[in-house]
């Protein structure tokens, strides 16, 4: 004999406690109107395989007790970020490295809405797919779109991903203060999907990159425990609360940072991502991403490889064909300068 009990619930009168409970259980965005409630469920915690058939109540009870609800990742302070944490991929290209077998992987962090920057890279140094008989693969790493811009921007990102297959997007919110998360997601992605590559470079989208000079440098570089770029030594910790890179003493009591490679662009062997991920388990993640990697390097007891001073530039170098033929990367004043410099350098004939 079975007993069926029916309840009538007026959703417009559901208490806030139940609203919160439903939202946690289903990871749903809930919109509450005057007389209706709508659910936009983005990622239910209960999969169809996790819930037993209602014909077997005991199995259902057993399954439900095993479901755990995890709290969203939260930073410990405004100067930290939520890492380590489990972030998911919205768009992914998990097979490209395996198929292309690259020698070098270029990872470009960029905001979801900055399509122009991605197109400039695709039309300049990102076009170089085979250099000195070695494959170069290009990927853009994006975070999630802000809620107020999600519908239109995310649709554009989806179309762009379908067209170019060079976008990896994760579900952390894409903000300046989350650049450390962005960098560590790059490391996680490389460790999971590009282990067959020899080297990778994290490089900002507004940089000029001379891939030929970079490849010549890498042909002579160690294949393991290698990371180089524009390395800052004895960088002073900024204590001005108005500074973009402010850290208070209670967060970082030392007056000087350990050596770190400036985030505009650094190159590393493909054993390094796993090392950074291990270091991240022991070093609390501050929001200044290049400093954070330096802190991980110090924990791991590993030095940076210093490069000659004329290879990486944080201040834009005035264009000179001979000089640009010898450097690896420099910041640029604007997009047009980035395009013009690359086009001129690619002209036939000796640069010097």
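We did not get these values from a lab; they are worked out from the coordinates using the rules stated. Only a predicted model underlies this, so the values are computations on that prediction, with no experimental measurement involved. Neighbour counts are summed over all protein chains in view; Cβ atoms, including those assigned to glycine, are modelled from backbone coordinates with ideal geometry.
Values computed for the structure shown
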| read-out | value |
| --- | --- |
| Gain on full stretching of the segment that runs from residue 132 to residue 282 - 0.36 nm per residue minus C-alpha separation | 50.0 nm |
| Pairwise FRET efficiency - residue 123 versus residue 155, Cβ, R0 = 30 Å, nearest 0.05 | 0.85 |
| Kirkwood-Stokes translational diffusion coefficient of region 90-345, alpha-carbon pairs, 10 °C, 1.306 mPa s, µm²/s | 84 µm²/s |
| Fraction of beta bridges assigned by DSSP in region 90-345 that are antiparallel (%, nearest 5) | 45 percent |
| Ranked list, fewest to most other Cβ atoms within 10 Å of each Cβ, for 242, 313, 282, 80 | 242, 282, 80, 313 |
| Length added when fully stretched, residue 146-residue 74, from 0.36 nm per residue minus Cα-Cα | 24.2 nm |
| Spin-label proximity, residue 165 to region 114-142 - amide N less than 15 Å from point 7 Å beyond Cα toward beta carbon | 137-140 |
| Sequence-separation-based contact order of region 90-345, relative, with Cα cut under 8 Å and 6+ spacing, percent | 22 percent |
| Per-bin percent of Cα-Cα distances, region 214-281 [5 Å] | 3, 13, 17, 21, 18, 13, 8, 5, 2 |
| Where a label projected 7 Å from the Cα of residue 352 along Cα→Cβ would reach, residues of region 194-223 with amide N under 14 Å | 213 |
| Mean shadow area of region 104-168, taken as a quarter of the surface of its Cα convex hull (nm²) | 4.3 nm² |
| Net length gained if the chain between residue 317 and residue 343 were fully extended (0.36 nm per residue, minus Cα distance) | 7.8 nm |
